[in-house]
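Asker: Mind having a look at this structure? Questions to follow.
The values are calculated or read from the model by the stated rules, or taken from the named source; none is laboratory data. Values in this document were obtained by computation on a predicted structure and should not be read as measured data. FYI the Cβ positions are ideal-geometry reconstructions off the backbone, even for glycines, and counts take in every protein chain you see. Side chains are part of the model used for accessible areas, which takes the heavy atoms of the whole protein and leaves out ligands, DNA and RNA. Shrake-Rupley method; radii C 1.70, N 1.55, O 1.52, S 1.80 Å.
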Amino acid sequence: YDHMGFIHKLTPDHFEAGGSFAAFGNSKGIFGQPPDMGFETALAPQFITLKEVVFFAYVPTNEPQESRYTKKFSNIHLGKVIHSRKTGTAYIREILQHNLTEGFLSSIIVEVIDPFGIEEVNESSCLSSSLSITQTGNVTYKLTLQPQSTISSFQDLDVEKTVVIPGYSSFMIISILDDKNALAIATMPAKVLNNMTVPKDSWFLYNFGHRNGRMWKIYAKPCNYWFQQHDDSLSLNVLKYIDLGKSHTLKVKVIPNTKGVRTLQIPLLNVIVGNPNLLEVKTEGSFDDTDSYVMKISAASKALRQGSTSLALVVWGASTECFVTTVVPTLKNSCSYLKSMHHIPSKPIPLEDWTSGIHKDSQGFNMIKTLPVNYRPPSNMGIAIPLTDNFYHADPSKPIPRNLFPKSKKSGKFKQCANASTREECNCTNDQKFSHAVAFSDCREKVPRFKFPVTQYPISLEIYSEDGHIPVEMPYLVTVTEVNRRENWKLKHSVPENVKKLKDYLEPRLDAPVYNPLGLNLSIKGSELFHFRVSVVPGVTFCNLVEEFQIYVDEVPLPFPGHTLIAVATAVVLGALIFITFMLQIRNIHPGDMFQNFMTTNKVNLSNLSINQLPYR
């Protein structure tokens, strides 16, 4: 069944002929010739202009009350096309119902596309005479021929034909009184001049009757509009994501194909917003130079509220024969599944070099480090005392290095390799082996290698989405952490004045330093593997944008031993002083008292010696 309730027999050939998107043009490829929606009665045309005509539907006086509705126009005919069996086509623009008891109970106003054909003299001989009109009733008139030849006469075939007199009312012939007289009903009685005579060739005859087979039909309007989206997408239900504070613009063009006649009133395209409280939607429509209607729809995220809404882009005047009369894009005020943040390495390494494990710079330094099996980065307590739970290049069948101290034995947990006995059972994919995510550290075998010291390493970040790549900059702010809790690294960045207040506000609430991602540089003074996580602070995007990257610092020089020797010597001296004090205490020796007695004895002896040596003694 089609949208009108008519049944069709469909075969695969119908679909092959139309194609899935042939309906951007016409659905005849599926349903074939559209059904006739006409009804069994005669129509009387009343010309308003050459392009505007009113067709009156005739209901006979003897028509039963219960079947009169079958001879009237209804809303189903609005927007359809009326065809004459002879020639002529017009679009139905308006339906009128008349409060009358008999005669013309309904009518339609049409716009003529192709002119309707008139009757010729060889079809109706009455056309070769002048015509006089005399009123016989409220709406009935007698038409009398003023013959100028013997062959001019009314015939039975002229019943239900319409006499059209430019500038005056039309008359539908309802009966033939004799060969010179006929009874007719006026379409517009107020525009009839009683006892008027119309000269030959000044009146015309149209045939929209149905006695000898209906001479008119009503079909659905052919599809004469095409949708064209700005990205040439044929999708009828496209899905677009709008992030917090962002907007998206849809541009749709409706291209008419009406032989230069614009049949639809402005606006051609209407927009219906499903949830007007979610997004701020603005529209702008205009006609371009090709008479196409172009509409721009801009939708902007209004607040932190997430959700989705649909936009119905409806061509109200489009034919139901068109496969597409409405496009329904869906807009989601949330994070796109395709949106992610990526770290851009300062020195990219080709995939084939990652596979081989060798990529040397201009000085012959290999920039790829193959990690030892079951590797764990050092901790702040020393290289031999790893405390992180993250294994790299995991293999449950191999021994775990640096696992001598109790704290190291308690740490370290397999993730991908949990409950596996060999590395093959870990089922690591190539993507996981090259992933920087800590969740796949078990699979990570090779990491970027740098020579000590790492200074001013630029942390360059980009956001990937369906709209392309954009650098991470304001209003995005980020936090940076080392997932294995390592130190000996620091970040340097510039903080504009307008960002400083926001930074001071966020840091105590996030309990982490906040950085400006633009111009962010990293310096590392430690050795071996550093694993960093960069996160965008919440409140500027609906997405949880997180990126991780790794740096292996190698060829670290041995530290100068001077500080160690000074520390050892100081410890020895302090230990000796403590030991001597302890020994003196347990032997009840008081160095202070001994020193005092010694000084007193020496003073007495010196005094005696001086007196005895006086000369007068």
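Asker: Round to a whole angstrom and tell me the spacing of the C-alpha centers of segment 422-493 and segment 326-356.
Answerer: Spelled out, the Cα-based centre of one part sits 14 Å from the other.
Asker: Of the listed peptides 64-77, 128-141, what is their order by residue-averaged count of other C-beta atoms within 10 Å, with the highest listed first? Walk me through the numbers on the way to the answer.
Answerer: Numbers: 64-77: 12.7, 128-141: 16.3.
Most protected by this proxy first, the peptides run 128-141, 64-77.
Asker: Could you state the accessible area per residue of the chain in Å², with a 1.4 Å probe and every protein chain left in place?
Answerer: 55
Asker: State the answer as a single residue: which of Asn275, Cys426, Ile218 lies farthest towards the positive end of the charge dipole of the chain, with beta carbon charges of +1 for Lys and Arg and -1 for Asp and Glu, about the Cα centre.
Answerer: So the residue we want is Cys426.
Asker: Related question: Which value, in Å² and to the nearest 10, is the accessible area of Ile255 when all protein chains are kept and the probe is 1.4 Å?
Answerer: Only protein atoms counted, so the area is about 50 Å².
Asker: Sticking with this structure for a sec: Given N residues in segment 36-221, what is its alpha carbon radius of gyration divided by 2.2 N^0.38 Å?
Answerer: Segment 36-221 yields a ratio of 0.98.
Asker: Let me ask something additional. Mind ordering 419-432, 346-359 by average Cβ neighbours within 10 Å, highest first? Don't skip to the end; give the middle numbers.
Answerer: On the way: 419-432: 13.7, 346-359: 11.9.
Going by the mean number of other Cβ atoms within 10 Å, highest first, we get 419-432, 346-359.
Asker: Under unit Cβ charges (Lys, Arg +1; Asp, Glu -1), what dipole magnitude, rounded to 20 debye, does the chain have relative to its Cα centre?
Answerer: 3160
Asker: Could you work out the equivalent-ellipsoid semi-axes for the chain, taking the square root of 5 times each eigenvalue of the Cα gyration tensor, largest first, in whole Å? Present the calculation step by step, with values, prior to reporting the outcome.
Answerer: Values: eigenvalues 2177, 148, 73 Å².
Those come to 104, 27, 19 Å.
Asker: Let me ask you something else. For segment 115-213, what are Rg and Dmax over the alpha carbons, in angstrom?
Answerer: Looking at segment 115-213, its Cα Rg and Dmax stand at 12.2, 33 Å.
Asker: Shifting gears a bit: Which number gives the lysine pairs in segment 45-184 that have C-alpha atoms under 16 Å apart and are eight or more places apart or on different chains?
Answerer: Eligible lysine pairs with Cα atoms under 16 Å apart amount to 5.
Asker: Run through segment 455-561 and list the GluC sites (Glu not before Pro) located in a DSSP loop whose Cβ has at most 14 other Cβ atoms within 10 Å.
Answerer: Glu466, Glu473, Glu487, Glu555
Asker: Ratio of alpha-carbon Rg to the 2.2 N^0.38 Å globular estimate for segment 157-237, to two decimals, please.
Answerer: Normalised by 2.2 N^0.38 Å, the Cα Rg of segment 157-237 equals 1.86.
Asker: In Å and from the alpha-carbon atoms only, list the Rg and Dmax of segment 447-600.
Answerer: 27.3, 97
Asker: Looking at the chain, which Cys residues are left with no other cysteine's beta carbon under 4.7 Å from theirs?
Answerer: Within the chain, the cysteines lacking a partner Cβ under 4.7 Å are Cys126.
Asker: For segment 504-581 and segment 195-245, compute the distance between their C-alpha centroids and round to whole Å.
Answerer: 75
Asker: Moving on to the next point. Roughly what angle does helix 562-586 make with the longest principal axis of the chain, taking Cα atoms, 0 to 90 degrees, to the nearest 10?
Answerer: 50
Asker: Leaving ligands, DNA and RNA out of it, report the carbon-plus-sulfur percent of the accessible area of the chain at a 1.4 Å probe. Let's see the in-between values first.
Answerer: Working: 18870 of 33860 Å².
Result for the chain: 56 percent of the exposed heavy-atom area is carbon or sulfur.
Asker: Calculate the translational D of segment 243-385 in whole µm² s⁻¹ from Stokes-Einstein, where the hydrodynamic radius comes from the Kirkwood formula applied to all Cα pairs, the temperature is 25 °C and the viscosity 0.890 mPa s.
Answerer: 118
Asker: Next up: Given the whole protein assembly as supplied and a 1.4 Å probe, what does the accessible area of Leu96 come to in Å², nearest 10?
Answerer: The accessible area of Leu96 comes to roughly 50 Å².
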